[in-house]
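The values are calculated or read from the model by the stated rules, or taken from the named source; none is laboratory data. The shown structure was predicted, so the numbers you read here are calculated from the model rather than taken from an experiment. Ideal geometry is used to build each Cβ from the backbone, glycine not excepted, and the neighbour counts take in all protein chains shown.
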Amino acid sequence: MQSYAWRAAGIVCLIAAFVAGFALVAGAFGILITQAGLFDHDTPISKPRKAAEQRANVVFVGPSHVATGVIPEVFDEELSRFVKVQSYNMAIAGLTIPETEAALARLFAMKPCCVTYVIFYPGFMMTDVARVPTTRSVEFFTLPRALQFWSFLSEYKPPPDLSQVDFAKNIIIATFQHYTNLGLGLPLLGVVETWYDRPQPALGDRWSARGHIAIDRAVPDGEAKTWWLDEISKLKAAGPQFQAPIISDRLFANVERIITLINAHGARAIVVRPPSLARWGYDVAFVRKYEQACSDGPPLLDFNPDAYPTLYEGRNHYDGAHLNVRGAEIWSRILADEVGELIRSGRLDHPSVCRAAGQ
């Protein structure tokens, strides 16, 4: 009996030694390849660093709607009528709301000298980081972030087209790879995907040094243009009658945390709804929720088709979600004028937090 106990103890010691050795080697490997710059190309790391290096005092954050929609040089030129700024487009394709908070936390951890205004779009429709294990998801999913993201998904309405089981599997795999650093090395072997946030020169995409993704194409005639006109009609018809309960209090709490983070670092938040038709129900529901739950909070700039019809012309977009270069130039100037008026009015002189209407 005693020999069995000793044998079992020996097996446990061997397993513990293997786990400890693996953790040590994996940790060293992670440091090595991180220092070697494996992740330097990943935009959730490179864009906050560039914003800090360029001493930006205005940063734009959100998914690709913002990455293609705001040209910093045009924005700065227009805003110079009110104040001189240096802006940087820190928006990232497919950026989910939990990633938005993480990207800003990364930026502020670098102790940037100059960030005064953060203009951000909370893209509630985004779930990309958990849709397939990638280098980006491996880097993002620590255990706390995995739990936060799962809480985010559990409130998601309508349900995403990927099942909760598939989401859970992808999050677990990415989190495991994060802590073992397996996920850091696997891209080198082609086992997991690198992130897709790359310019596509064959399609006319260009990245500027200040973060804007320039795309020259416009919505083509045919089925795409028919869909475009149909979606605009639906969006305008929905108006105030659109009452789908998409944004719950728990989902909206993610936006409140981002605002608190921005305030805590001495900057001022400005929330935007970009000119977009893609899954517009989330944007309409968010605007309604913001007006109810954050009436005394940071200003919300709502670029809807009734107020800004030019921004919804097909010639200013290349698809339902994204402005082309022509549209981006127009929106950048309109956005700068709106921000300039906020600055001139004193609306941004002091931090503001969310309080529901009537409180």
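Of all residues in region 271-289, exactly one satisfies the criterion of being modelled with pLDDT of 95 or more and either surrounded by fewer than 22 Cβ atoms within 10 Å (Cβ to Cβ) or of a type in the set (S, T, Y) (or both), namely R273.
Remark: D296 matches the filter, which requires a residue to be within 16 Å of R355 (Cβ to Cβ) and out of contact with any Pro (no Cβ under 6 Å at 6 or more places or on another chain).
Note on region 209-228: residues that are at negative phi and surrounded by 14 or more Cβ atoms within 10 Å (Cβ to Cβ) amount to 11. If the condition is being aliphatic (A, V, I, L, M) and either surrounded by 21 or more Cβ atoms within 10 Å (Cβ to Cβ) or part of a strand (DSSP E or B) (or both), then region 147-156 contributes no residue at all.
I'd like to check something: does region 292-315 contain any residue that is assigned to a helix (DSSP H, G or I), in contact (Cβ under 8 Å) with a residue 12 or more places away in the chain, surrounded by 15 or more Cβ atoms within 10 Å (Cβ to Cβ) and among the β-branched types (V, I, T)? Checked region 292-315: no residue is assigned to a helix (DSSP H, G or I), in contact (Cβ under 8 Å) with a residue 12 or more places away in the chain, surrounded by 15 or more Cβ atoms within 10 Å (Cβ to Cβ) and among the β-branched types (V, I, T).
Considering region 215-237, and only residues there that are outside any helix (DSSP H, G or I) and among the acidic types (D, E), the residue that is farthest from the chain's Cα centre (by Cα) turns out to be D221. Residues of region 31-42 include none that is at pLDDT 70 or above and of a type in the set (G, A, S).
Counting only residues that are in a loop (DSSP other than H, G, I, E, B) and at pLDDT 90 or above, which one in region 121-140 is surrounded by the fewest Cβ atoms within 10 Å (Cβ to Cβ)? So the residue we want is T127. Each residue in region 335-358 was checked for being surrounded by fewer than 17 Cβ atoms within 10 Å (Cβ to Cβ) and hydrophobic (A, V, I, L, M, F, W, C), and 3 of them qualify.
Could you say whether any residue in region 110-119 is among the β-branched types (V, I, T), surrounded by fewer than 18 Cβ atoms within 10 Å (Cβ to Cβ) and more than 22 Å from I246 (Cβ to Cβ)? Checking region 110-119: at least one residue is among the β-branched types (V, I, T), surrounded by fewer than 18 Cβ atoms within 10 Å (Cβ to Cβ) and more than 22 Å from I246 (Cβ to Cβ). Summed over region 96-136, residues that are among the small types (G, A, S) and without any contact (Cβ under 8 Å) to a residue 40 or more places away in the chain total 1. The criterion of being in contact with an Asp or Glu (Cβ under 6 Å, 6 or more places away or on another chain) and loosely packed, with under 15 Cβ neighbours inside 10 Å holds for R250. For the condition modelled with pLDDT under 75 and either part of a helix (DSSP H, G or I) or assigned by TED's automatic domain parsing to the domain that holds L335 (or both), L261 does not qualify.
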